[in-house]
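Participant: Just passing along the structure, written as structure tokens.
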Amino acid sequence: MKVVVTGGTGMIGRKLIDSLLATPELIDRDGNKAEVTAITAFDVVAPNPPLPDDPRLTVVTGEISDAAAVEALIDDDTDTVFHLAAVVSAQAEEDFDLGMRVNLDGTRITLERCRALDHAPRVVYASSVAAFGGDMPDVIDDSVTPNPQTTYGVTKVIGEYLIDDYSRKGFIDGRALRLPTIVVRPGRPNKAASTWASSILREPLAGHAAVCPVTEESKMWMLSPRRVVESFRHAQVLDGEAWGPHRVVNLPGITGSVTESLQALSRAGGNSARARVTFEHDPFIQEIVDGWANTFKTPRGLEMGFKADTDLDEIVNVFLEDDLPGQHVYYD
Ligand SMILES: NC(=O)c1ccc[n+]([C@@H]2O[C@H](COP(=O)([O-])OP(=O)(O)OC[C@H]3O[C@@H](n4cnc5c(N)ncnc54)[C@H](O)[C@@H]3O)[C@@H](O)[C@H]2O)c1
């Protein structure tokens, strides 16, 4: 069975690929358990550091909004597409045309290519809690209608609607996950407005300084990289009936404030780690972060079997176990 991962050299993409190489089992186009024998990682950026050298893995460098590149990428052998390629929140906010081209046109081109196949592939799509915004209740439950307030969020919600409609028409068997902010993100800081939520844990635990651009009270809805990879895999193996006509789910997560993150940092790394974090307020980032939903109730996701981390200590421990050992390559 062939699997395509768009955004395959990004943070989640490469972790998903590692997981699929280690445990190569998903559900095929006929709904049966099957071995993953071929994975194509597609990304506009070449992998750095390199992806594993494995005969099952092919890396293709290309542009998701280039229909010819996507036509060559996804073929009748493709059972599943994990569609992760996107420009992230602050980047889409700074560059409207780029956000629309990559996140919206790229998604439509990917789905149109899937529609042209001789079967309906499973498509697992990375949406975001940036779907929510504006005048929101304090707690977002499964009944709250998306009202995105950023270009990034708008493109993600349009993608969700397309996943629903292409599934309803039988063109694809789609599934969309509204991801919390993934913390602790390994590697370098990125252009997401949430990047500080990882930096204030990752940098000090690796022995480096970090700057927090938001207030100590600022809160975030979070999930660890380990749990998000489990969630993508779980989304792929669930039956279509488990999703019903609405192919979108708010993933379970945990709410954590900057203060609580720094307390977990102190517990894991001591006072010396905590002392590496300083505050430098950035009103642009604060405004974006304040506009995000940070507290959820997710009965649908929990009933479907998606799981959150227990607490911030678990999130920190996942980083210590999975990513701290390799983090030094980013500072050399
Ligand atoms: N990490 C999070 O906190 C988070 C939260 C909510 C949603 N998401 C979504 O999950 C997905 C993966 O996120 P991530 O954290 O791995 O981000 P990432 O930035 O590490 O990965 C995204 C990848 O998409 C690639 N990409 C960008 N433009 C492209 C283009 N034109 N053509 C092909 N590839 C392109 C990038 O090079 C990158 O490798 C994204 O869709 C993101 O919007 C992530």
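Participant: Report whether or not ALA206 is over 30 Å from ARG108 (Cβ atoms), in contact with a Pro (Cβ under 8 Å, 6 or more places away or on another chain) and crowded, with 16+ Cβ neighbours inside 10 Å.
Facilitator: In short, no.
Participant: When you check THR298 against the structure, is it surrounded by 15 or more Cβ atoms within 10 Å (Cβ to Cβ) and touching a strand residue (DSSP E or B) at 6+ places or on another chain (Cβ under 6 Å), yes or no?
Facilitator: In short, yes.
Participant: Separate question: When you scan segment 24-36, do you find a residue that is free of Cβ contacts under 8 Å to residues at least 60 places away in the same chain, in contact with a Gly (Cβ under 6 Å, 6 or more places away or on another chain) and assigned to a strand (DSSP E or B), even just one?
Facilitator: no
Participant: Given GLY134, GLY99, which one is of a type in the set (Gly, Ala, Ser), in a loop (DSSP other than H, G, I, E, B) and more than 9 Å from the ligand (Cβ to nearest atom)?
Facilitator: GLY134
Participant: Answer yes or no as to whether VAL154 is more than 21 Å from GLN236 (Cα to Cα) and aliphatic (A, V, I, L, M).
Facilitator: yes
Participant: Quick test for you: out of ILE158, ILE182, ILE163, pick the one residue that is surrounded by fewer than 20 Cβ atoms within 10 Å (Cβ to Cβ), within 16 Å of the ligand (Cβ to nearest atom) and among the hydrophobic types (A, V, I, L, M, F, W, C).
Facilitator: It is ILE158.
Participant: If I ask for residues that are of a type in the set (Ser, Thr, Tyr) and either within 13 Å of the ligand (Cβ to nearest atom) or surrounded by fewer than 19 Cβ atoms within 10 Å (Cβ to Cβ) (or both), which ones from segment 39-92 would you list?
Facilitator: THR40, THR58, THR61, SER65, SER89
Let's see how each residue does on (1) over 20 Å from the mean Cα position of the chain (by Cα); (2) farther than 20 Å from ARG188 by Cβ:
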| site | (1), (2) |
| --- | --- |
| SER19 | no, yes |
| GLY31 | yes, yes |
| ALA38 | yes, yes |
| VAL45 | no, no |
| VAL59 | no, no |
| ALA67 | yes, yes |
| ALA92 | no, no |
| LEU98 | no, no |
| ARG101 | no, yes |
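Participant: Looking only at segment 1-29, filter to residues that are touching an Asp or Glu at 6+ places or on another chain (Cβ under 9 Å) and acidic (Asp, Glu); which one of those is farthest from the ligand (Cβ to nearest atom)?
Facilitator: ASP28
Participant: Shifting gears a bit: Kindly state which helices (runs of 4 or more DSSP H) lie completely within segment 251-319 and contain at least 2 residues that are modelled with pLDDT of 95 or more and in contact with a Lys or Arg (Cβ under 7 Å, 6 or more places away or on another chain).
Facilitator: Passing ranges, in order: 258-274.
Participant: Would a scan of segment 225-236 turn up a residue that is surrounded by 17 or more Cβ atoms within 10 Å (Cβ to Cβ) and assigned to a loop (DSSP other than H, G, I, E, B)?
Facilitator: no
Participant: Is it the case that some residue within segment 197-209 is outside any strand (DSSP E or B) and among the charged types (D, E, K, R)?
Facilitator: yes
Participant: Also: Tally time: how many residues in segment 116-131 are more than 16 Å from the ligand (Cβ to nearest atom) and of a type in the set (Gly, Ala, Ser)?
Facilitator: Selection size over segment 116-131: 2.
Participant: Also, quick follow-up: Collect the residues in segment 64-105 that are touching a helix residue (DSSP H, G or I) at 6+ places or on another chain (Cβ under 8 Å) and small (Gly, Ala, Ser), keeping them in residue-number order.
Facilitator: SER65, ALA67, ALA85, ALA86, SER89, ALA90, ALA92, GLY99
Participant: Can we say ARG188 is in contact with a strand residue (DSSP E or B) (Cβ under 7 Å, 6 or more places away or on another chain) and not in a helix (DSSP H, G or I)?
Facilitator: Spelling it out, it is not the case that ARG188 is in contact with a strand residue (DSSP E or B) (Cβ under 7 Å, 6 or more places away or on another chain) and not in a helix (DSSP H, G or I).
Participant: Residues ILE12, ILE74, ILE27: which one is under 19 Å from the mean Cα position of the chain (by Cα) and among the aliphatic types (A, V, I, L, M)?
Facilitator: When all the criteria are applied, what remains is ILE12.
Participant: Take HIS246 and decide whether it is under 21 Å from LEU177 (Cα atoms), part of a loop (DSSP other than H, G, I, E, B) and in contact (Cβ under 8 Å) with a residue 40 or more places away in the chain.
Facilitator: Yes: the conditions hold for HIS246.
The values are calculated or read from the model by the stated rules, or taken from the named source; none is laboratory data. Remember, predicted model here, so these are calculated numbers, not experimental data. Every residue, glycine among them, receives a Cβ derived from its backbone with ideal geometry; neighbour counts consider all protein chains shown.
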